[in-house]
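Undergrad: Structure in structure tokens, see below.
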Amino acid sequence: MASNSDPRAADLRSSTPMAIDRPGRCASVLFDGPHRAPYPEAMRMPSRGQWSTPVLVFLLGCYQGLNEPEAELGPQAPAGSDSGIDDAGEPEPEPSACGGELVVGPAPLRRLTATQYDHTIRDLLGIETTLADSFADDERIGPFRSNGTTPVATLQVEQYQVAAEAIAAEAVEDLGPLVACDPTVSGPTECGRTFIESMGRRAYRRPLTPQEHEILESVFTAGLDAGGFSEGIQSVLETMLQSPAFLYHLELGDPEHPTGRDDIVALTAYEIASRLSYLVWNSMPDDALLDAAAAGQLGDPEQIDAQLDRMWADPRAGDALADFHLQWMAADELDELQKDPEHYPDFNAELAAALEDEIRGFVSWTFEHGDGDLSTLLTAAITPSRDPQVLALYGLDPSEGQGVGEPTPLDPERRAGLLTLPGVLAQHAHANQSSPVHRGVMVRQNLLCQSLAPPPEDVDNVPSDPSPDATTRDRLEEHTQNPECRACHELIDPIGFGFEHYDALGAYREQDAGRPIDASGELVATDGLDGPFIGAVELSHRLAESNEVQQCVTQQWFRYALGRLEVDDDDCTLTLAHQAFETSGGDVRALVRALVRSDSFRFIRR
Amino acid sequence: MPHSIRTGRCSRRSLLAGLGAAGAVAPFVPLLDSHATSNGFPTRLLTLFSGGGTYYPQWAPQGSEHDFTLSPILEPLTPYQDHLVILGHVRIQGSGSPGDGHQKGTGMLWTGSSLVDVGDDVLWGGGISVDQHIAQTIGTDTRFPSLECAIQPNVGGSAAVGGPSVWSRTIYAGSAQPIVPEVDPIALFDRVFSDVGSGDGQLDEIRARRRSVLDAVHHQLDAVAARYGTEDQHKLQAHLDSIRALELRNEAAVADCSIPSVGNAIDPDANENFPALSRMFIDQIVQAFACDLTRVASLQWARSVANTRFEWLGHDQGHHEISHLDLNKGYNRDKVIEINRWFATELAYLIEQLAAIPEGDGTMLDNTLIVWGNELGNGPSHKTRDVPFVLAGGAGGRLTTGRWLDFPDELRHHRLLVSICHALGLEDQATFGDADSGSGGVPGLT
């Protein structure tokens, strides 16, 4: 798995102090153990034949289909399109968007993430809640939250029950906005039926099946008989919120749309609508999307484009874009950040929250007021923050701030984009000092999509105590002298050294241990990025222009959009998405647009 | 928007308030059931996990099997020395399993099974854990087959380390099926005790609605499961199993037992709350045992590679960081000793609570087996040799306590897992876990 959640590599990545980054002794970060092939082969091992730089031949093969305009979405749009049965009654094979046979990776059944749950409740019932905070933590796919691996435990099902009961009780306190009909006029049974129909379509994100309608009606009747109309509504809501169609991203596909392959099905228009809304809003589809699905208007590219443009104009989109970037930077748990009060007495929970807000604001600004380009995300020297503590980290006086909504420009010699935002730097640091290792590993894994393996079990990784008058760099230089350690650390540390101007809170510093900072670094074992650099600003600018980073970002968006890792069968999707990304000059929205049109987004393998 | 909900506990908690919560635990009234021991009281199992290894020379007692002195780490247990069995030189044998020492030690501790790679190098324990195995037999008569509790199992790591992972789960329903523990003692209280002692109509109403709702959810899950392929079907099946468990519980008789008191809500993620959380969980587990709401429980102090800062011991470094320091230096060693001694103090408190509840001629401690384990031996080496195991309680008379059983030639921990089964009445258990060579229980233990 070419991602930072490789559990074997995770030891490397903790924001908290770990031995591997302690100076003095072998840090033993090895690619898959000492006996594997040396890099770069070993490093690309996690991509094993998957879509990545080694498969250029395949890329070229795929490119051939691109000049045919209709091939972009495939000749047959699944959503709301015709049955795909030809005159002879034989299923017409669905061609790949790249030409040739349609292949896509398997799509595991996923539960909503905590954020998706809370957002969905908000959009479904108008109830702002953080109830999902009490749920068991989300799993991760790469750096991204996605619950598609392990089955639920009873505790989790019970947590859903508790939440559903609380939400339903809250919701029925005011039936007015909830129920469109008046039970005293249309009669409670008829009104209940209307409610089930309309709420059901939104809660299940598709029309109810007749069986579901029947089940919910009997729940309603039981509640009605026991405690009246409100009790009936409450019971229905409790049921809906615990039902698989609400809690899971159910994707069963459209049996009316054969693909010519038994194991591949086209998603229904409603399933496409859900994928779209959870990708762009991290929440349920709104009525307009559900109506479009009902009308079969999610089939052709213009219709999807129109929906995307409409959805991106909604404030929820900015929120979800920020979520992506926080997770991509592995900085989405800043609320748990801890710093050593002895070294960082000014650190507190409010600052951690403000640092997260800054990252969110930075991303929103890039998309709302900037060009939404990857290069802007990686190089813009601005802060949207108005928080005095954050501004103090930059050495800025809050009174010098810009007008409301205007970001404050930063010194472009010192700051460049996401990687130099203090929240990201603080996350990838120790409690009491910077961490070239954690920062180097993050760049390798999250921006270059290269995977790193943990220390072998038997390596003695007890570090010697830090020397008070040696810089972090000195101490790490010392431990990379050991050839056993060097094999990996020469891939990691020279990247991380570029960040030495930033302390464990991300503040810029000129000195470490009384000596001037040496921020010279080097990129090795990359695809065309190799070479020395000085400082994180130069590094960020180099990464911003890199095709390898663009490819990695394509992979990361794929993972985020589909909640799963890519496999060989997703090559076509990744190739077209990357091509669109590249052609647009690195416009992230062009990448997302291409992903939404892709085979892997519209079809699933069973 | 007009509404907001911070927590879903209001309804249950206010219900409790109306019932006059708090009060001493009522003594358990012996029931005649299939899994009670001869004295009429059930035998309970409580597994404890703490991570990061220990400092063995200061952990191992000095002396002989029946005449020994506790080490500095275990010294807080001295008042209960007669109720302990301490096992020396135990090894978690992980050869052949993927994963590093932390991962293997954590995933194999209670499962005895090699880790499995479910794809993309994601590892999980490869089998059912011993407590769950036992719960399948002795947990069938109680409202909860088992209770899983953990204190900050996800704290102390980055985004990738936090969350569910082989480092943060010790209890398994089966291969690659980690069981999510309860991390908030207030939520545990609401789950376990909210219905206890309540016989009024309000509860009947809640139960009636839950019955109808769970039945409807059940039917919808059935319909969906029928349409999914095998890969995903097991997820829906697990969900269905849980719904069935909730349905059964909804119908089960409510124990006749006083509702225990519970402290105020505290932030379960805050480092400084770690000691308070430990006490809250211990109190509730003891009370759940006393009320016979469950007979199997686990408490996990943090997780593997946790960086809990034991600031209440004056430490400014995190646990994992400390465990990697050079233990040849006294000031580093002292911290490791202090941390492990702190866990021993918690165990002493637990034992004290159990010993305070009379059952027949003895106490609940006599009818309980506590097993305290760790994923590593000495922290810095990441080795799973010399893993510290302490047993406490009489297991209903099946365990002879007050012993220091040292195995200088190493004892594979599978044999302990087998003995735990024996102590809980599963006398025919011959092996446990896939890596068990089949040599039976710990010689001379039960």
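Undergrad: Between region B:279-306 and region B:206-221, how many Å separate their Cα centres?
TA: Their Cα centres are 29 Å away from one another.
Undergrad: So how far, in whole Å, is the C-alpha centre of region A:193-212 from the one of region A:292-337?
TA: Centre-to-centre distance over Cα atoms comes out at 25 Å.
Undergrad: Here's another thing I want to ask about it. Just need the relative contact order of region A:259-312 here, percent rounded to a whole number, with Cα pairs under 8 Å and 6+ apart.
TA: Reported as a whole number, the value is 31 percent.
Undergrad: I've got another one for you. Which order do peptides B:89-95, A:446-452, A:176-182 fall in by mean Cβ count within 10 Å, highest first? Please report the intermediate quantities before stating the final value.
TA: On the way: B:89-95: 19.3, A:446-452: 25.7, A:176-182: 13.1.
Answer by packing, highest mean first, reads A:446-452, B:89-95, A:176-182.
Undergrad: Another question, then. Quick one: check the C-alpha center-to-center distance for region A:97-156 versus region A:226-267, whole angstrom.
TA: 15 Å
Undergrad: Now a separate question. Of B:K104/B:K383; B:K104/B:K335; A:K339/B:K104, which ones are farther than 21 Å apart at the Cα?
TA: B:K104/B:K335; A:K339/B:K104
Undergrad: Express as a percent, rounded to the nearest 5, the fraction of DSSP beta bridges in chain B (both residues included) that run antiparallel. Before the final figure, lay out the partial values.
TA: On the way: 18 of 42 bridges.
Approximately 45 percent, going by the DSSP bridge assignments.
Undergrad: Something else: Among B:G125, B:Q93, B:L115, pick out the residue whose Cα is farthest towards the positive end of the charge dipole of region B:90-142, where Lys and Arg carry +1 and Asp and Glu carry -1 on C-beta, about the Cα centre.
TA: B:Q93
Undergrad: Just counting partner chain Cβ atoms within 10 Å, what average do the residues of peptide B:176-187 show around their Cβ? Don't jump to the answer; show the numbers that get you there.
TA: Working: counts 3, 3, 4, 6, 11, 3, 4, 4, 2, 0, 1, 5.
Taking all residues of B:176-187 together, the mean is 4.
Undergrad: Which order results if A:S375, A:S584 are arranged by neighbouring Cβ count within 10 Å, fewest first? Let's see the in-between values first.
TA: On the way: A:S375 20, A:S584 17.
Ranked by crowding around the Cβ, least crowded first: A:S584, A:S375.
Undergrad: Between B:A245, B:A290, B:A423, where does the largest GNM mean-square fluctuation fall for chain B, given springs only between Cα atoms within less than 10 Å?
TA: Of B:A245, B:A290, B:A423, the Gaussian network model singles out B:A245 as fluctuating most.
Undergrad: How many partner chain Cβ atoms sit within 10 Å of a residue's Cβ in peptide A:214-225, on average, as a whole number?
TA: Mean shielding count: 3.
Undergrad: Follow-up question, since we're still on this one. Below 8 Å between Cα atoms, with a sequence gap of 6+, how large is the relative contact order for region B:250-355 in percent?
TA: Working: 66 pairs, mean separation 22.7, N = 106.
For region B:250-355, the relative contact order is 21 percent.
Undergrad: Still on this model: By counting other Cβ atoms within 10 Å of each Cβ, how are B:L424, B:L248, A:L252, A:L334 ranked from fewest to most?
TA: Working: B:L424 28, B:L248 13, A:L252 16, A:L334 23.
Arranged by neighbour count, lowest to highest, B:L424, B:L248, A:L252, A:L334 become B:L248, A:L252, A:L334, B:L424.
Undergrad: Taking the number of other C-beta atoms within 10 Å as the exposure measure, put A:L125, B:L391 in order starting with the fewest. Intermediate results must be reported in sequence, preceding the final value.
TA: Details: A:L125 22, B:L391 25.
Ascending number of Cβ neighbours within 10 Å: A:L125, B:L391.
All of the numbers you see were taken from the coordinates with simple rules; none came from a lab. Because the structure is predicted, anything quoted here is derived from the model rather than measured. Neighbour counts are summed over all protein chains in view; Cβ atoms, including those assigned to glycine, are modelled from backbone coordinates with ideal geometry.
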